[in-house]
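The values are calculated or read from the model by the stated rules, or taken from the named source; none is laboratory data. Computed from a predicted model, the values in this text were never measured in an experiment. Glycine also receives a Cβ, built like all others from the backbone with ideal geometry; neighbour counts cover every protein chain displayed.
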Amino acid sequence: MHHFPFHIGDYLAATSHLSNDEDLAFRRILDMYYHTELPIPLDTTWVAKRLRISVEAIESVLQDLFVKHEDGYHHKRCDEEIAKYQGFTVSGKKGAEVRWGKDRVAIGGASGGDGVPIGCLSNPNSNQEPRTENREPRTENLKPSRSKTIVAKSDCICPETVSEEVWQDFLTLRRAKKAPLTNSAISRIEKEAGKAGILLEAALIECCARGWTGFKADWMKGEPFSVGAATRKILERELEKEARLINPWEEIQ
C-alpha cells in the first residue's frame, strides 16, 4: 500500500496518552506496516534501526497497541484493511486484464472509528468502468469507388462527305481509346487522306477497320485498303459531286 489518509482528530484522540517519542514511533510503525503489508518483525532492535527510533519507544508502542504473534506484531485494524486492499487489488487486476490487458487498480483510503489511520479503497463502487462504445466503421451506403475516366464529348460535326454511320463508328472508336475527337484531329486526318488519294470517309473507314484513332498516308503505302466495292462506288460518286461543284458549267456544255 502506498497511500492512506491521515485523520488528525481521530489520531489525536487515540494517541493522546503517548509521549513525543512514542507518538513518532507509532506513526513510523504504521508507515512500515501499510507499506510492507506485513506485521512488524519481532526483532525490535532491527525495527528501531530501520525507523530511526529508540528501541524503548518501539517496544512501548508495540506492547500497548499491537498483539504479538509468532510471525510478528499484529494490529487488527491494519490487518483488516490490508486484507481488503489486497482483495480489491487482485480482483481489480483480473478485471483490468480482461478489459484492457493491463493492471489498473484505483487506490484510495478511509479511516476507522478507533483513530488508527488506515489505507484502503475509498469506495469499491467508485471504480467504474469507462464508458466505451465499440463503434464499427459505417459501411452502409458506401460503395467501393471505381476509377472512371471522363471522356469529353466531341464538339465536331459530322462532315458532309462522311456518312452518319461511319462517323458514329469512328466516334465510338475514339471514345473506347479515350481519345476525344477534336476539329484539329479531323483536319489532320482529312489532310493525310488527301495525300493518300482517298476521301475523308475512306480514311475513317480504314481507322475503324484497323483500330486507329488517327490516319497517316505513309501507313497505307503498299497496304490494301479495307474499303469494300460498294463503298468505293459511293466514294467515286462523292468525287464526281466535288468535281461538279468545282466546275458547274462542265455539265451544261
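Just one of the numbered conditions (1) under 21 Å from His3 (Cα atoms); (2) of a type in the set (A, V, I, L, M, F, W, C); (3) touching a strand residue (DSSP E or B) at 6+ places or on another chain (Cβ under 7 Å) is not true of Leu51: (3). Taken together, the residues in region 56-88 that are buried (at least 17 other Cβ atoms within 10 Å of the Cβ) and polar (S, T, N, Q) amount to 1. Sub-6 Å Cβ pairs linking a first residue in region 72-88 that is at positive phi to a second residue that is in a strand (DSSP E or B), at least 6 apart or interchain, are Gly72/Ile40, ordered by first then second residue. Residue count for region 166-216 satisfying the condition of being among the hydroxyl-bearing types (Ser, Thr, Tyr) and assigned to a loop (DSSP other than H, G, I, E, B): 2.
Of all residues being β-branched (Val, Ile, Thr) and in contact with a Leu (Cβ under 8 Å, 6 or more places away or on another chain) in region 194-235, which is modelled with the lowest pLDDT? Just the residue, please. Checked region 194-235; the qualifying residue modelled with the lowest pLDDT is Val227. Only one entry in Leu38, Leu18, Leu42 is modelled with pLDDT of 90 or more, within 57 Å of the chain's Cα centre (by Cα), not in a helix (DSSP H, G or I) and not small (Gly, Ala, Ser), namely Leu38.
For region 134-184, the candidate set comprises residues that are more than 18 Å from Glu206 (Cα to Cα) and of a type in the set (Ser, Thr, Tyr); within that set, the residue that is modelled with the lowest pLDDT is Thr149.
Only one of the numbered conditions (1) within 20 Å of Glu165 (Cβ to Cβ); (2) modelled with pLDDT under 85; (3) under 60 Å from the mean Cα position of the chain (by Cα); (4) buried (at least 18 other Cβ atoms within 10 Å of the Cβ) is not met by Glu238, and that is (3).
Of all residues in region 1-30, those that are farther than 23 Å from Arg52 by Cβ have Cβ atoms under 9 Å from Cβ atoms of residues that are buried (at least 18 other Cβ atoms within 10 Å of the Cβ) and hydroxyl-bearing (Ser, Thr, Tyr), 6 or more apart or on another chain, in Pro5/Ser111; His7/Ser111; Asp10/Ser111. For region 1-15, the candidate set comprises residues that are among the hydrophobic types (A, V, I, L, M, F, W, C) and not in a helix (DSSP H, G or I); within that set, the residue that is nearest to Phe88 (Cα to Cα) is Met1.
So which pairs qualify, if the first residue must be in region 197-216 and over 14 Å from Glu165 (Cβ atoms) and of a type in the set (Gly, Ala, Ser), the second must be in a loop (DSSP other than H, G, I, E, B) and modelled with pLDDT of 85 or more, the Cβ gap must be under 7 Å, and the two must be at least 6 apart or on different chains? Hits for this filter: Ala203/Phe215.
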